[in-house]
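Shown next, in structure tokens, is the structure this report addresses.
Please treat every number below as a calculation from the coordinates, not as lab data. Computed from a predicted model, the values in this text were never measured in an experiment. Here the Cβ is made from the backbone with ideal geometry for all residues, glycine too, and neighbour counts use every protein chain on show.
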Amino acid sequence: MLERNETRTRWLAGTLAAALLLLGGVADAQQPKKGAAKKKDAAKTEQPAEPDQVEPAEGEEAVTDKPVDPIEAGRETALLAVMTLKVINPTEARVELEKKAAEIGGFPLLITDELLTLKVPPERLSEILEFAAEQGLVIEKTLERQDLTEQIAQLEGRLKSKLEILKRLRSFFDDSNVSATLRIEQTMTDLVTEIEQVKGQLRVARERARFAVVDIAFQFKKRDRIIYVHSPFEWLNTVTLDRFLEEF
């Protein structure tokens with residue numbers, strides 16, 4: 001009887017140990033799943049924000065996907081086109097060129113029998129040159145460009161500084177005596193003269209950039225004019241050169 005109880009006790013202890021081992025294995029198998037779940041939750045919480053929600057770091061500019069319009073710095077350019085044109089009738093060619101210049105917003109600057117100077121908008125320069133080439137035979141053609149941007153900027157800076165000095169000089173009148181007032185007036189007079197000179201230079205530079213200049217020189221064969229004189233023979237007075245050539 002005693003042996004049977006010991007055997008039973010040993011069997012229960014072994015069964016209990018096996019059960020504990022089995023439960024431990026199950027717990028170990030389930031442990032990674034819990035860790036993976038935690039990692040998955042952490043990944044959800046630590047996802048980066050959308051690109052448009054990311055705040056720039058200190059000292060950095062925000063980057064967006066929207067296109068940025070480029071900043072185009074305007075350039076002031078003077079254009080001078082020189083053309084030598086061989087024509088049959090320079091008067092007719094000149095009249096046609098004047099009409100064309102007026103159509104595109106230009107105007108004549110100098111008109112002679114052998115030279116025509118036009119001012120036209122820079123964007124229409126090629127158009128007037130092509131039209132001029134149709135009026136005769138182009139012997140020579142050149143195009144000169146001069147960048148006036150720096151010159152205009154310097155003149156604008158000089159004008160601004162001189163105007164500021166003039167403004168400061170005017171404020172000194174209230175606290176100055178007679179001799180100081182006379183010196184201030186003389187300085188202001190000289191300064192006003194310099195300001196007008198700068199304004200004139202600036203006006204000329206801007207005008208050069210506003211219009212392109214076209215110099216067209218005409219080459220043509222001069223024809224002597226026929227002068228009719230009265231003859232003592234009446235039958236000669238009735239004969240004209242054109243009629244003579246036609247009958248000949």
Checklist entry - What distance in nm separates the simple spin-label points at D147 and T117, each placed 7 Å from Cα in the Cβ direction? => result 2.7
Checklist entry - Among S171, L202, T181, whose Cα lies farthest out toward the positive end of the dipole of segment 150-209, if unit charges sit on the beta carbon of Lys, Arg (+1) and Asp, Glu (-1)? => result L202
Checklist outcome for this item: Per-residue Cβ contact counts at 10 Å, fewest first, order V204, V82, V120, V198 as V204, V82, V198, V120
Checklist entry - Using θ = phi - 60° and the Karplus form 6.51 cos²θ - 1.76 cosθ + 1.60, what ³J(HN,Hα) does each residue of segment 140-149 get, whole Hz, x for Gly and Pro? => result 8, 8, 9, 9, 10, 10, 9, 7, 9, 4
Checklist entry - GluC sites (Glu not before Pro), restricted to segment 85-124: which are DSSP loop and have at most 13 other Cβ atoms within 10 Å? => result E114
Checklist entry - Of the cross-linked pairs K100/K221; K99/K221; K99/K162, which ones have a Cα-Cα span greater than 32 Å in the structure shown? => result K99/K162
Item to check | Cα-centre dipole for segment 150-209 with unit charges at Cβ (Lys and Arg positive, Asp and Glu negative), debye to 20 | outcome: 200
Next on the checklist: What's the ranking of 174-184, 143-153 by average number of surrounding C-beta atoms within 10 Å, highest first?
Outcome noted: 143-153, 174-184
Checklist entry - Using the Karplus equation 6.51 cos²θ - 1.76 cosθ + 1.60 (θ = phi - 60°), what ³J(HN,Hα) coupling, rounded to whole Hz, does each residue of segment 76-86 give in order, writing x for Gly and Pro? => result 9, 10, 9, 10, 9, 10, 10, 9, 10, 10, 8
